[in-house]
Amino acid sequence: MLRFIVRRALQLIPTLGGLSILLFVWLQRLPGGPEYALLPDDATEEQREALRRALGLDEPFTVQYLAFLRRIAQGDLGASLQTGRPVLTEFWTRFPATFELSVTAMLIAVSVGVPLGYLAARRRGSALDFAAIGGSLLGICTPVFFLAFILKVIFAETLGWLPSAFRLSPGLTRTDITGFVLLDAVMTREWDVVWDGLVHLVLPGLALASIPLAVIVRMTRASVLEVLGEDYVRTADAKGLHRRTVRTRHVMRNAMLPVVTAVGLLTGSLFAGAVLTESVFAFPGIGSFVYSSTQERDYPALTGFILLIATMYVFINLLVDISYSLLDPRVRAQ
Amino acid sequence: MPTTPSPGLLGRKAAKADRLAELMGERTDGGHGAGIWREALSRMRRSPMAITGAAIVVVFLLIALFAPVIAPHSPVEQTWGDEVFPNRNVFVGPRAENWFGLDNLGRDQFSRMVIGAQQTLLVGVVATLVGFGVGALLGGTAGAAAVLGGRWGRQLDNAVMRFIDMMLALPTLLLAVTVAALIGPSLLTVMLAVGVAQVPIFARLLRGAMISQGGRDYVLAARALGVSERRIALTHILPNSMGPVIVQATLTLATAIIDAAALSYLGLGNPDPSFPEWGTMLADAQRFLSSAPSLAVYPALGIIVTALGFTLLGEAMREALDPKLRK
Amino acid sequence: MSSSTPLLSVDELSVVFRRRGAEATRAVDGVSFTLEEGRVTGLVGESGCGKSVTSLALMGLLPERGVTVGGSAVLRLPDGDVDLLSLPRRRMRDLRGSQMAMIFQDPLSSLNPVVPIGRQVTEILRRHRGLGGERARREAADLLYRVGIPDPTRRLREYPHQLSGGMRQRALIAMAVACRPRLMIADEPTTALDVTIQAQILELLRDLVTEEGTALLMITHDLGVVAGLCDDINVLYAGRAVERAPRSELFSDPTHPYTIGLLGSIPRLDAPRGDPLTPVRGSVNDNIAWSDGCAFAPRCDHYAMDCLQGPPELVGAAGGGAHVHRCVNPGGAARAEPEEAAGAAGADTGPEGASDAETGADDGAEHTAAVGEDEEGRA
């Protein structure tokens, strides 16, 4: 087991190394390049040359790359053009909100998607099955930002049940310890903040959950259908085990394996979805910052965020692979 | 029961053979032995999912291809601008002249939808071709290398797959956003960004299919007959692995349309107003969602229904081609 | 030997599959047989003849939807007789694993890949014998040891993929015998195994039957398995039994053309090398409805007009006793063996027992090769 984790972690080195090279090339060499991004469009060629020299862009490739790595290692990702603050600082101040939102969305997607997919598979061909498949197809085909908008218009603006924007109600004070609103509020027992924080998560959480939910429903359904036809399920039935035991130990244990992998891969699309959802709900996370960065052409912030998000994705998938191997002994043996 | 007296031995033999053929004929109906694709097609003809999907796709294609002919008005000119501008809160709904009403700038919404279909199709097809082309190239290389094996083959496979892992890790939406921030929003940016995002799926799918085909007995048989490895990979393994890839291409058309809409929403779509695109229209219309919901409803429905059409078709194809479900 | 009341009597069992948009198929079409304690009964036939479906029907393992099961299967229990086919599902769950157990064809796919072997053994002990914790583990290790798995305590912690094919089948057998069932059904238990392992598994099954007095229903297409293990044999064709006889009689004096064909399909060491095999031509798909006539007629070299005039009955064979067959023209087969004789087609009778010359030279124990014609192995 430990050997598996170590081997899998070692595989990260080439991936992360490649990522850094890719991003470096991206940063320095793509059409435009920073000398275009950082200077106004009407800058002269001399000004550009001067900036290139100032940024060390006239040095050989490897020298530049090593310098780039050194800067990253020191946590220096440059400064945001919008705020003037370091990109890393901007990232970490916004990360907790996006993290809480993503976790909410994933919790909704898994806790609704898995049982729904299971029931759809058990009652294959029923109205429930039909609704689950139809609903998930519709969910996949609806643009996230549009769904977010519809939710906002209906539940916040028209019905007024839920707040339409922000992480917390304006004017609410809270004690900041870790940056994670809910975590801090629970630690300090500020229950009004907990409630307010949760309420603000509902609509964006639902919007962000739509794609993962649709994928998980379909995946669970397909997986359960496949496992139900497996010989070992028949063996379990032939042993006269209780239906509950057959379902949990023999059907779900196996049917969940592909879903676990999907959850890992879905975190990638979660970040993309967060950009759209957060901008609709003015949610102060990474996504809305990326959105404003696009409008402001905040080039250093964008590239820094790309690097951080990619790294995070890689580590999340390492965790997913490890948990997968805990569930499936065959992977460990390979 | 025919109990005709038979003239002789031969006659009796023929009679019982006839009787047997008659009895067997009652049971052997339904032809078999057609190719996989043919069989899949005949199964799809019976699937309501496939028929719905195909119908949507065909209508969409017809509208997109004949858009200039169908559109009754210019999608760009603010023909009815003076009706809209004086009072910004009045929106003109459907009427005889403008089937879908006017947009916020006094343009014919129906014509914009029709021309928008063309743009949407263009984005979808080009993005899918990019994803399919690059993905199939990478996946095919890795798959062939893995099947042909050897130290060199395994290493090549490994290298390509690590590259794919990297691509998966990169948030493509953010990459697209960065490109657009650099070179300005354009249709090409959207198409490339959406296409590149699909590369890993195609690559993994084709590689996986090729590896599973490579383990089949017919490959072993071809090898035993002395067929060259290159030929095995190209003429046996590759064609037999294309099924899932083609299904994915159909599904990707839907994804591409939705992703393109998202990029348009972020302000990265084609800024040229003479090429309305559903995503841009939807993003624009959201500002008026409470006062003129229909402005958003048309492009939203366009996107959802079209994406649904391609998804249904793709899913039906997948089901029809799935050997496990074929029984 | 067959004088006591049978443990299980299956009477006119039928299973019909109905699929939406497709014709209903009669997978099992009126099969009757009995099982007795301490005896092995064989159910032999090609893929698709309904033998696996029969076993699943008896175990109550057929899917609920789209399946209609008819007939009866009465199992003798200490507290009275029960009809397995009409028992509520809950009650069936209580019987399965405790009173009746099943061993499947493919030991790898029949074991849960993500649950340790030990857990898969102990769960049945917990369910039916209420054993838990350390006691269950000790009992499980004991069971594995009894079915011939060395170092059982280590094996309990291992997963199915870590075991060899023979070990996996032994583990499955251990689960089947865990609660000393009165009835055991083995569905092609050796098909997926190497020949040497096959023999070991068959020997193990034989020993379990003799030691425990279990009734074993052996389902196979392999006449070698039948010859080595079974006491009584039922030959199935297209969902019906076409011949039933004690082992020695079936091998020495087969009377149904299909049985004769099956036996003729086996290469024999004691036959001269140039001798051609006599395969059964065609495939199971070439058949007619039993209600119209003999389903085997399209593949039979000796069918007569009588064979196509309604369903043939199961009647006593010439040898008498427990030997019965479903054939209206057995003589034709016997006389024309081994090759088709066009002139004989019209003949109505022929000397019984003439086939001795062809197949009756030994007691059958040397038929060891498997019969071919396997199509897709569906349950």
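The values are calculated or read from the model by the stated rules, or taken from the named source; none is laboratory data. Fair warning: this is a prediction, and the values are worked out from it, not measured in the lab. Here the Cβ is made from the backbone with ideal geometry for all residues, glycine too, and neighbour counts use every protein chain on show.
Filtering region C:65-109 to residues that are within 14 Å of another protein chain (Cβ to nearest Cβ), more than 21 Å from C:Phe33 (Cβ to Cβ) and not in a helix (DSSP H, G or I) leaves C:Arg65, C:Gly66, C:Pro88, C:Gly97, C:Ser98, C:Asp106, C:Pro107, C:Leu108, C:Ser109.
When you scan region C:110-147, how many residues do you find that are more than 10 Å from every other protein chain (Cβ to nearest Cβ), in contact (Cβ under 8 Å) with a residue 40 or more places away in the chain and among the β-branched types (Val, Ile, Thr)? Counting residues in region C:110-147 that are more than 10 Å from every other protein chain (Cβ to nearest Cβ), in contact (Cβ under 8 Å) with a residue 40 or more places away in the chain and among the β-branched types (Val, Ile, Thr) gives 2. Looking at this structure, is C:Glu212 of a type in the set (Asp, Glu), within 14 Å of chain A (Cβ to nearest Cβ) and either crowded, with 21+ Cβ neighbours inside 10 Å or touching a helix residue (DSSP H, G or I) at 6+ places or on another chain (Cβ under 9 Å) (or both)? So C:Glu212 does not fit the description; no. Is one or more of the residues making up region B:16-25 away from chain C (no Cβ under 14 Å) and modelled with pLDDT of 75 or more? No, every residue in region B:16-25 fails to be away from chain C (no Cβ under 14 Å) and modelled with pLDDT of 75 or more.
Yes/no matrix, rows are residues, columns are (1) more than 26 Å from the chain's Cα centre (by Cα); (2) outside any helix (DSSP H, G or I); (3) touching a residue at least 24 places away in the same chain (Cβ under 8 Å):
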| residue | (1), (2), (3) |
| --- | --- |
| B:Val219 | yes, no, yes |
| B:Val227 | yes, yes, no |
| B:Thr235 | no, no, no |
| B:Ser241 | no, no, yes |
| B:Thr250 | no, no, yes |
| B:Ala254 | no, no, yes |
| B:Ser264 | no, no, yes |
| B:Leu295 | yes, no, yes |
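The residues of region B:43-60 that are surrounded by 14 or more Cβ atoms within 10 Å (Cβ to Cβ) and either aliphatic (A, V, I, L, M) or within 14 Å of chain C (Cβ to nearest Cβ) (or both), listed by number, are B:Arg43, B:Met44, B:Ser47, B:Met49, B:Ala50, B:Ile51, B:Ala54, B:Ile56, B:Val57, B:Val59. For the residues C:Leu87, C:Leu61, the requirement of being surrounded by fewer than 23 Cβ atoms within 10 Å (Cβ to Cβ), of a type in the set (A, V, I, L, M), out of contact with any Leu (no Cβ under 8 Å at 6 or more places or on another chain) and closer than 27 Å to C:Pro6 by Cα singles out C:Leu61. Criterion applied to B:Ala176, B:Ala159, B:Ala127, B:Ala145 was being buried (at least 22 other Cβ atoms within 10 Å of the Cβ), hydrophobic (A, V, I, L, M, F, W, C) and facing another protein chain (nearest Cβ under 10 Å), and the one residue passing it is B:Ala176.
Yes or no: C:Leu56 part of a loop (DSSP other than H, G, I, E, B), at pLDDT 90 or above and either within 14 Å of chain A (Cβ to nearest Cβ) or touching an Asp or Glu at 6+ places or on another chain (Cβ under 7 Å) (or both)? Answer is no for this residue. Please work out if A:Tyr291 is aromatic (Phe, Trp, Tyr), crowded, with 19+ Cβ neighbours inside 10 Å and over 25 Å from the mean Cα position of the chain (by Cα). For A:Tyr291, the condition - aromatic (Phe, Trp, Tyr), crowded, with 19+ Cβ neighbours inside 10 Å and over 25 Å from the mean Cα position of the chain (by Cα) - is not met. B:Pro271 meets the conditions (1) surrounded by fewer than 24 Cβ atoms within 10 Å (Cβ to Cβ); (2) within 13 Å of another protein chain (Cβ to nearest Cβ); (3) touching a residue at least 12 places away in the same chain (Cβ under 8 Å) in every case but one. The failed one is (2). Entry remark, region A:217-240: residues being surrounded by fewer than 24 Cβ atoms within 10 Å (Cβ to Cβ) and of a type in the set (Lys, Arg) number 2 in total. Being among the aromatic types (Phe, Trp, Tyr) and more than 14 Å from chain C (Cβ to nearest Cβ) is the filter here, so list the residues in region A:287-334 that pass it. Passing the criteria: A:Phe289, A:Tyr291, A:Tyr299, A:Phe305, A:Tyr313, A:Phe315. Here A:Gly134, A:Gly160, A:Gly125, A:Gly179 are screened, and the one residue that is at positive phi, facing another protein chain (nearest Cβ under 10 Å) and not basic (Lys, Arg) is A:Gly125. When B:Phe288, B:Phe310 are checked against the criterion of being within 12 Å of chain A (Cβ to nearest Cβ), touching a residue at least 60 places away in the same chain (Cβ under 8 Å), within 23 Å of B:Val199 (Cβ to Cβ) and not aliphatic (A, V, I, L, M), a single residue qualifies: B:Phe310. Screening C:Leu58 against (1) without any contact (Cβ under 8 Å) to a residue 60 or more places away in the chain; (2) under 23 Å from the mean Cα position of the chain (by Cα) leaves a single unmet condition, (1).
Being at pLDDT 85 or above and surrounded by fewer than 20 Cβ atoms within 10 Å (Cβ to Cβ) is a property that B:Ala203 lacks.
Being farther than 16 Å from C:Ile197 by Cβ and over 21 Å from the mean Cα position of the chain (by Cα) is a description that does not apply to C:Leu163. Give region B:186-240 a look and list any residue that's polar (S, T, N, Q) and over 21 Å from B:Asp157 (Cα atoms), or say none. Passing the criteria: B:Ser186, B:Thr189.
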